[in-house]
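Chemist: Got a structure here, written out as structure tokens. Questions coming.
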Amino acid sequence: MSTSPKRPPSRPPARPPARSQAGARQRPAAAPAVAPKAAPQPLSEAEMERLQALLDSVPAPLEPLDISMLDGYLVGVLLQPKAVQAFQWMPYVLDGEGRPAPQGFDSRELMALAKRRHQELNRAIAERQWFDPWVFELESDEEDEAEPSEVVFPWVAGFALATDVFPELMRQDASELLEPLAALFMHLDPDDLEDADDLLEEIETLEPPSDLEEAVEGLVSACLLLADVTRPQPRPEAARRPPARRGPPTRGRY
């Protein structure tokens with residue numbers, strides 16, 4: 001599904017500078033204050049439930065992502081070295097293979113919620129801020145509690161889908177990707193990691209997380225490390241040294 005980007009709101013016309021009084025010096029105009037961009041509003045629990053209900057309503061034969069897979073998928077999209085446009089990533093929300101939605105299916109509300117989460121995650125990643133992955137404990141008996149890797153598996157599977165659909169991330173320097181990718185893909189079945197001997201060797205050196213909190217912390221830390229590789233922050237410009245002051249020119253002889 002493709003949507004045209006919204007046009008930015010038109011700016012109000014600039015006010016003409018006030019005329020100076022005769023004989024008075026005209027002060028330079030002050031730079032207009034720029035209002036900081038408002039942070040995207042996180043989805044409430046009710047909106048998250050609504051998003052899951054909308055995903056469940058996607059008609060067969062499409063196989064939509066669930067809300068946890070969607071979250072991991074969006075992070076994988078945002079960690080690409082080149083920005084992925086909405087019309088490119090949206091089809092895979094409705095179907096893991098990117099098949100088009102049937103005619104007449106209205107996905108506008110679903111995509112509006114997904115885009116809000118995309119914006120929220122984008123800001124966190126760009127600013128290297130902590131974010132809360134949409135990871136949910138599985139319903140199970142107390143005697144048969146799910147392992148942390150089982151709980152985060154859908155999220156990591158969504159992330160892996162993004163790296164499969166948009167492979168530019170995986171084409172970066174392998175030595176820089178190895179550690180954070182191992183921290184993520186350690187939660188997948190090793191049989192799913194084909195032709196990844198170095199990655200599998202790195203995974204074997206890692207201790208599995210002791211609980212869900214540690215597993216989630218590992219997800220976020222790994223993603224922010226990947227962001228340093230694929231979306232490096234601009235370095236602050238070094239302070240320029242003022243030019244050396246020169247003394248008065250020497251007087252030549254005539």
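Coordinate-derived values only; no laboratory data. These numbers come from a predicted model, not from an experiment. Glycine also receives a Cβ, built like all others from the backbone with ideal geometry; neighbour counts cover every protein chain displayed.
Chemist: Yes or no: residue 80 closer than 20 Å to residue 159 by Cα, outside any helix (DSSP H, G or I) and of a type in the set (S, T, N, Q)?
Modeler: yes
Chemist: Next question, about the same structure. Hey, does region 91-108 have a residue that's hydrophobic (A, V, I, L, M, F, W, C), over 12 Å from the mean Cα position of the chain (by Cα), surrounded by 15 or more Cβ atoms within 10 Å (Cβ to Cβ) and not in a loop (DSSP other than H, G, I, E, B)?
Modeler: yes
Chemist: Mind telling me which of the residues 116, 108, 99 ends up being of a type in the set (D, E, K, R) and in contact (Cβ under 8 Å) with a residue 40 or more places away in the chain?
Modeler: Exactly one of 116, 108, 99 is of a type in the set (D, E, K, R) and in contact (Cβ under 8 Å) with a residue 40 or more places away in the chain, namely 116.
Chemist: How many of the residues in region 58-90 are touching a helix residue (DSSP H, G or I) at 6+ places or on another chain (Cβ under 8 Å), of a type in the set (Gly, Ala, Ser) and either under 20 Å from residue 223 (Cα atoms) or surrounded by 22 or more Cβ atoms within 10 Å (Cβ to Cβ) (or both)?
Modeler: Result for region 58-90: 3.
Chemist: Next up: What's the number of the only condition in (1) of a type outside the set (A, V, I, L, M); (2) in a helix (DSSP H, G or I); (3) touching an Asp or Glu at 6+ places or on another chain (Cβ under 9 Å) that residue 221 fails to meet?
Modeler: It is condition (3) that residue 221 fails.
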